[in-house]
Structures are given as C-alpha cells and as structure tokens.
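Inspection log for the structure reproduced underneath, given as structure tokens.
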Amino acid sequence: MPVYKIAIAGASTLVGRELKDALSESPLATAHFVLLDEEEAQGQLDQVGDEITFVQAIAPDAFDHVDFTFFCGTEDLTRKHWRAALRAGSTVLDLSGALDQETGVLVRAPWLSSEAAAVDLFTPAVVPANPAALALALLLERLQQAAPVRTVFATLLLPASEFGRAALDELHQQTVSLLSFQGIPRELYDTQAAYNLLAGLGEAAKVSLGAVEARIRRQYAALSHGRWPALALHLVSAPVFHGHTFSIGLELERPVEIATLEEALSGGHLDLVLEETDSPSNLAATGQNDVLVRLRPELDARNSSQVSRLWLWAASDNLRIQAQNAVECALDLRRLRPQGTVQ
C-alpha cells in the first residue's frame, strides 16, 4: 500500500483529536502525519497511531508533498490556508464547513448509497458532510426505500461541542458557578446556557445557532440532489457537552407496514432501538459509529399495522460521525493519489 503524507490543520481541536483516533483505526494509519495548529497549540506533544509528533506552526511550506490536508480548526483558519494547500498539490478535506459554498467544492457522505460512487476525480477539495446533515440524510434515504416521503421537519438539540472547546469550558464554568451561587461567564454564549434550552443566544454571542442551521440545510440539500423533500429544521441549544439528538416528524405519500419501516431503519449505519426502556440518547450514542433511532408511528385508524405519519427520536455522536465520514471521504479520494507522495 502506498505511504501517504497527511496534514491535520487544527489538530488540537475537539474534531482534530477525534479525527486522529479515526485515522489511527483506518487503512490510513500507516501514513506519515503532520500536525498543524494556531500559535497557542504549537509545541504540544501528540500521537496518531504509533507515530509520536509535535504540533507545528502553519509555515509557508507546511503543505509541501502533503497528499491530504484535513482542516479541523476554525472557519477563519480554513479560509486563510486552504488555497495554499491546493497550490502545494494537496487534496483538501474541510471539516470546519467554511468551504461548502465555494465553487467546485463538493459536500460528500460516502455512507449514502447514492454517494458511494460519486467521486469526481477532478475534485480538489471536499467538505465531509456536517454530522447532523449526514444523520438526517441517512434516515431519509432509508425511509425513501419504503415509501416516498412527503414532508420532513426536525428539531435538533445542539451540544456545546458543536462550537468547540471554548463552548465546553464555558458551559462547565457556568454549571459550577450556578451551583456555587456565583456570577456566570458569558463570553461565548452571551447568555446562560447551563440548565437551559435556548432557541437563540445573546446579542454579543460569538457563536450562532442560525449559522449552524443554515449550514445543515445547505448540506442536506447538497446530499439530497432533489430526491428528498425540503427540510424544515429548528435548532435548540441544549445544556449537554456532546452528542446530537433529533426529534423528527415525517409524513409519507402512502401508508406503509410498520415492519417495512423498521426494516428500512435497520443496518447501514443506522441502529434501530426497539426496546421501550432503551431510548436513544446523546450518552448512549457516545463512541458509536451508527445513528441510534427509535420509531414511534402514528397509526392509521383504518389499519393498525400501517402508518403514513411517524416520529423518529434519534441520537448520534457528532464528533465521531464527523471524523468517520471524513476518513471515508479520504479513502474514496485515494483514487486521485494511487502512489502517494511519500516514497
């Protein structure tokens, strides 16, 4: 197998650390890795698989002879350096979501059967789909095999980890401060996020639910290619550290046997939970490569075994799903680089 050189820009972020674990468990584990990040993370000792290395600055020659560059940091970091990676001949995989509206950049999700063979050999950069968009796309693709879906609307409970380590730290500090009857830090959220469900953040918040919601809508539409109904989506900031949870309502074009729906939602990175007492949750999904889903049908009054309207309660590990999808995208794109650049 060729030996690849892989750079991870934003290696010390939550997504970067999850990606390192996913790469270590993949066929790309034998690659030579270069860990890059912004100034505050430089010099940290780190490890990918059996290789121990240091986090380095993003120097002008940082992408020389690099086969794949994964951008896992901020959107600003990606926008600043992705063209330099392209000029150096590297294939870019953007996990920050900064590039999903750039011309020629594709949103990819190889777990979808419709996307599995859709690699464009002239694609210089891809955006591995947002994990929420991917989870929703997986559910819609599988349900469409049972019956055409007329409408879909979803509420996504968003964890702090969606906004990075600073959000985790602020949620933790708010929780501790509230339990100690002290004032709470508001630098990131500009409001109380601990013990609270929020459909909007403070005016001076450094993160935006609306921006995340727009990205999920765009990427769901990109994965759909017009095959599924438009997504009605509402985001809620939840006081949890990790994991996406979804409440999803769907209406089918015609009644379908419940057993047929259960079969459609089983396997292929979906884990159908049948036990009433074993509900999908963000905690249950931690470390899982599958989307956990529970079906709650609204029974047709004329035939109790068929349903045309249903609810899904689903959960997934947002960081794990994102990292696994990114690795699958890189494995697909190996066709661009059959020999690698490190000989």
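The values are calculated or read from the model by the stated rules, or taken from the named source; none is laboratory data. As the structure is a computational prediction, the values presented were derived from the model and not from experiment. All Cβ positions, glycine included, derive from the backbone under ideal geometry; neighbour counts span all protein chains shown.
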| Right, residue 287: under 17 Å from the mean Cα position of the chain (by Cα) and over 14 Å from residue 149 (Cβ atoms) or not? | yes
| task | Please indicate, with yes or no, whether at least one residue in segment 170-177 is surrounded by fewer than 15 Cβ atoms within 10 Å (Cβ to Cβ) and assigned by TED's automatic domain parsing to the domain that holds residue 254. | result | yes
| task | Examine segment 189-207 for a residue that is assigned to a helix (DSSP H, G or I) and either surrounded by 15 or more Cβ atoms within 10 Å (Cβ to Cβ) or under 24 Å from the mean Cα position of the chain (by Cα) (or both), and state whether such a residue exists. | result | no
| task | State yes or no: is residue 98 more than 14 Å from residue 333 (Cβ to Cβ), surrounded by 21 or more Cβ atoms within 10 Å (Cβ to Cβ) and of a type outside the set (Lys, Arg)? | result | yes
| Unmet criterion (only one of (1) in contact with an Asp or Glu (Cβ under 9 Å, 6 or more places away or on another chain); (2) farther than 26 Å from residue 79 by Cβ; (3) of a type outside the set (D, E, K, R); (4) crowded, with 19+ Cβ neighbours inside 10 Å) for residue 139 | (1)
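Results for (1) in the same structural domain as residue 166 (by TED's automatic domain parsing); (2) polar (S, T, N, Q); (3) at pLDDT 95 or above, shown as yes or no for each residue.
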{"site": "245", "(1), (2), (3)": "yes, yes, yes"}
{"site": "249", "(1), (2), (3)": "yes, no, yes"}
{"site": "279", "(1), (2), (3)": "yes, yes, no"}
{"site": "291", "(1), (2), (3)": "yes, no, yes"}
{"site": "301", "(1), (2), (3)": "yes, no, no"}
{"site": "307", "(1), (2), (3)": "yes, no, no"}
| Unique residue being surrounded by fewer than 18 Cβ atoms within 10 Å (Cβ to Cβ) and farther than 28 Å from residue 164 by Cβ when the list is 226, 287 | 226
